[in-house]
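Encoded as structure tokens, the structure appears first; notes follow it.
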Amino acid sequence: MALGLLLLAIFAIWLAVANAIYLAIFTVDEPATLTTFVRRVLTTQEGRNLIVVGNAVGFVFAVLAFSLSVVSFPLLLDRHVSAAVAIAASVRAVLRNPLTMALWGVFVAGALAIGSLPFLIGLAVVMPVLGHSTWHLYRKVIEPDLGPRPEYHPQPKGHRYGADFPVSLFVPSKPDHAP
């Protein structure tokens, strides 16, 4: 949760900085229509400045978010580590493999763009593929944990009734005991 909140905070700051850049370049007056906005951005010097500066600052934020999270989420799922340790491992992985990570970032951005084109329907295919690929990237980049794995002891499940449906999602059921 801490890593997700950190990325959410970075996104909020990113939006605030983008708004500040827009206000610094175009002043306070807002365009009346979407076509007026597009015309101002694409045909004026201020618009070209907005495109260049906005993309440069956005690139810095994207690299920051990518560096913090590229292997952090799989590491948090795989091992008992804190968010700070996972972030540090992710940043180290990016610093040790800059070209590979840059190519991975381009691949992820391209896959998300292609998946978004058909009204976001393609994301249903792209997201699982990216999740699986990210897991394999994590396994290649981070050294395996050679410590013993805890043994898995499944708990016997009791009988569940349909009337208990909403509650059974949140409360573990108790096994039925015959008298």
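Where a number appears in this text, it was derived from the coordinates with a stated rule and is not lab data. Since we're looking at a predicted model, the values are computed, not measured. Don't worry about glycine lacking a Cβ; one is built from the backbone with ideal geometry, like all the others, and counts go over all protein chains shown.
Checking the condition within 25 Å of VAL94 (Cα to Cα) and without any contact (Cβ under 8 Å) to a residue 24 or more places away in the chain, which residue from ALA65, ALA56 passes?
From the options ALA65, ALA56, the qualifying one is ALA56.
Give me the residue from segment 115-146 that is over 16 Å from the mean Cα position of the chain (by Cα) and more than 29 Å from ARG96 (Cβ to Cβ) and, out of that set, surrounded by the most Cβ atoms within 10 Å (Cβ to Cβ). Spell out the reasoning first.
Our first condition is that a residue be over 16 Å from the mean Cα position of the chain (by Cα); within segment 115-146, this holds for 117-122, 125, 136, 139-146.
Remaining after also requiring more than 29 Å from ARG96 (Cβ to Cβ): 117-122, 125.
On the way: LEU117: 10, PRO118: 9, PHE119: 7, LEU120: 10, ILE121: 11, GLY122: 16, VAL125: 12.
Restricting to residues being over 16 Å from the mean Cα position of the chain (by Cα) and more than 29 Å from ARG96 (Cβ to Cβ), the top hit is GLY122.
Answer yes or no: is there a residue in segment 147-166 that is surrounded by 17 or more Cβ atoms within 10 Å (Cβ to Cβ) and either under 24 Å from PHE11 (Cα atoms) or basic (Lys, Arg) (or both).
no
Tell me, which residue of segment 72-108 that is surrounded by fewer than 13 Cβ atoms within 10 Å (Cβ to Cβ) and among the aliphatic types (A, V, I, L, M) is nearest to LEU5 (Cα to Cα)?
ALA84
Pairs needed: first member in segment 74-98, touching a residue at least 60 places away in the same chain (Cβ under 8 Å) and closer than 15 Å to LEU137 by Cβ; second member anywhere, surrounded by 13 or more Cβ atoms within 10 Å (Cβ to Cβ) and hydroxyl-bearing (Ser, Thr, Tyr); C-beta distance under 8 Å; at least 6 residues apart or different chains.
Matching pairs, first to second residue: PRO74/THR134; PRO74/TYR138; LEU75/SER90; LEU75/TYR138; ASP78/TYR138; ALA86/SER72.
Tally time: how many residues in segment 69-83 are over 16 Å from THR134 (Cβ atoms) and in a helix (DSSP H, G or I)? Working first, answer last.
Applying the first criterion (over 16 Å from THR134 (Cβ atoms)) to segment 69-83 yields 80-83.
Checking which are in a helix (DSSP H, G or I) leaves us with 83.
Residues flagged as over 16 Å from THR134 (Cβ atoms) and in a helix (DSSP H, G or I) within segment 69-83 amount to 1.
Condition check ((1) more than 30 Å from ILE87 (Cβ to Cβ); (2) surrounded by fewer than 15 Cβ atoms within 10 Å (Cβ to Cβ)) across all residues:
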site	(1), (2)
MET1	no, yes
ILE13	no, yes
ALA18	no, no
ILE21	no, no
ALA24	yes, yes
GLU30	yes, yes
LEU34	yes, yes
THR43	yes, yes
ARG48	yes, yes
